[in-house]
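Contents: one structure, followed by commentary.
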Amino acid sequence: MGHGLVLFKFKMLKLRILPQVTAVLKRTMSTQEPDVLFETVNNAGIITLNRPKALNSLNTSMVTKLLPQLQEMETSKTLVIIKGAGDKAFCAGGDVKAAIDKVEGPIFFHTEYNVNYLIGKYKIPYIAFLNGITMGGGLGLSVHGRYRVATEKTMIAMPETKIGLFPDVGGSYFLPRLQVNLGLYLGLTGDRLKGKDVVKAGIATHFVSSKRLYELEKLLLRCTSDIEVDNLLNKFNEPPEEFSLAPNIKHINYCFAASTVEEIIERLEKVQNDWSVKTIETLHQMCPGSLKITMRALQRGAQLDLPQCLKMEYRLACRATENHDFPEGVRALLIDKDNNPQWKHKTLAEVDDDYVEDYFKKLPQDRELQFFDAKL
């Protein structure tokens, strides 16, 4: 068969196949869209967490891209804005289904904590738009930065004790530094704060209505100095309202000043109002081991700087992947969804000091958390 005829037949075939191939390619391309987007406008860096269907939850692929890009932007840009795709979430946390893996988990945490560390010492203005759900890892990407903008759609929480983990991503650093023992309350109960409450609690720095975010972003991109950024955010900021926890702040301060989880519960029992009853119920739904590990991590974190907290948390996170409670919590709440976790300890009384302390022990030197800029 002549070469020309083969070519002709191939071309005809190609014409028939092409529309189908293009359709398939289009579909693949739309599912293959990058999970983090990086843009530069007027020398400002814009980062968009781009997994809206998964509420922009963080996975290893995303944190691995964030680390070098944030390093590069710090030296070359005037400011960085980080936001989430869609309007449901900034970032609903880490992808814990991957994090429970004994191999993948430590790799994910290692990179994620390096990102938290970098944000904590970032030299240029770093502005996080906390529009929508912001939990766990989402707070790690925002709370250590200079500016955190909440909207009426913002809902924050550190719900890790419910899945057999502890508030990580620098939670042991920022939670104990919130006013009136609020951090210990939020870290142990996983309670959610919304809208202006997030500013009141000290987690966000500014409150801006979500419909004004687009305008704010456009104007931020024109800022050429730290002072301009600061002035602009203050101009957009709306005054806070009464804190929804205000009626119980004195109780939070008293109950969560206790030095053990058991004593917190005893104090809550003395308060005897709707809030205290609900708080006791909540604590009884949490993993007993996690409550005690969290309590100790926050007590110690109060005396440490952010890098030291992250090193401590990395030990805890690695141990969590090797122990029973974290994989079991993820199984019960997120995989099988039977909401019936079988914790290693049924009660707080069963969680002894040795069990808690084992989590805090140093890892072998080659497995400890290393920061990307560590001097060898």
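The values are calculated or read from the model by the stated rules, or taken from the named source; none is laboratory data. Every value quoted in this text rests on a predicted model; they were computed, and no experiment measured them. Quick reminder, even Gly has a Cβ in these numbers, built from the backbone with ideal geometry, and neighbours come from all protein chains shown.
Applying the condition of being of a type in the set (S, T, Y) and not in a helix (DSSP H, G or I) to region 205-220 and asking which residue is nearest to I252 (Cα to Cα) yields T205. Got a sec? Which of P327, P364, P307 is within 20 Å of the chain's Cα centre (by Cα), farther than 22 Å from V261 by Cβ and surrounded by fewer than 21 Cβ atoms within 10 Å (Cβ to Cβ)? Residue meeting the stated conditions: P307. Looking at (1) assigned to a loop (DSSP other than H, G, I, E, B); (2) loosely packed, with under 11 Cβ neighbours inside 10 Å; (3) of a type outside the set (A, V, I, L, M), which is the one condition that is false for P341? Among (1) assigned to a loop (DSSP other than H, G, I, E, B); (2) loosely packed, with under 11 Cβ neighbours inside 10 Å; (3) of a type outside the set (A, V, I, L, M), the lone unmet condition for P341 is (2). Entry remark, region 126-141: residues being over 8 Å from the mean Cα position of the chain (by Cα) and not aromatic (F, W, Y) number 6 in total.
Please go through region 173-203 and give me each residue that is of a type in the set (V, I, T) and more than 26 Å from L348 (Cα to Cα), ordered by number.
Within region 173-203, V198, V199, I203 qualify.
Listed by first and then second residue, the pairs with beta-carbon distance under 7 Å, at least 6 apart or on different chains, first residue in region 308-320 and in contact (Cβ under 8 Å) with a residue 60 or more places away in the chain and at negative phi, second assigned to a helix (DSSP H, G or I) and among the polar types (S, T, N, Q), are C309/S172; L310/N116; M312/S172; E313/S172.
So that you can scan it fast, the table gives a plain yes or no per residue for (1) at pLDDT below 95; (2) in a helix (DSSP H, G or I); (3) under 21 Å from G289 (Cβ atoms):
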| position | (1), (2), (3) |
| --- | --- |
| V115 | no, yes, no |
| T134 | no, no, no |
| G145 | no, no, no |
| L188 | no, yes, yes |
| D191 | no, no, yes |
| I203 | no, no, no |
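Among the residues of region 53-63, write down those that are within 15 Å of the chain's Cα centre (by Cα) and either outside any helix (DSSP H, G or I) or of a type outside the set (G, A, S) (or both). Matches in region 53-63: L55, N56, S57, L58, N59, T60, M62, V63.
Filtering region 269-278 for residues that are surrounded by 15 or more Cβ atoms within 10 Å (Cβ to Cβ) and over 15 Å from L182 (Cα atoms) leaves a non-empty set.
Cβ separations smaller than 7 Å between residues 6+ apart or across chains give the following pairs from region 330-349 residues that are more than 24 Å from A317 (Cβ to Cβ) to residues that are buried (at least 18 other Cβ atoms within 10 Å of the Cβ) and aliphatic (A, V, I, L, M): D338/A332; N340/A332.
Kindly evaluate E262 against the criterion of being among the charged types (D, E, K, R) and either modelled with pLDDT under 95 or closer than 28 Å to V351 by Cβ (or both). So E262 fits the description; yes.
Has region 204-222 got any residue that is in contact (Cβ under 8 Å) with a residue 40 or more places away in the chain and either under 18 Å from the mean Cα position of the chain (by Cα) or within 30 Å of E262 (Cβ to Cβ) (or both)?
Scanning region 204-222 turns up at least one residue that is in contact (Cβ under 8 Å) with a residue 40 or more places away in the chain and either under 18 Å from the mean Cα position of the chain (by Cα) or within 30 Å of E262 (Cβ to Cβ) (or both).
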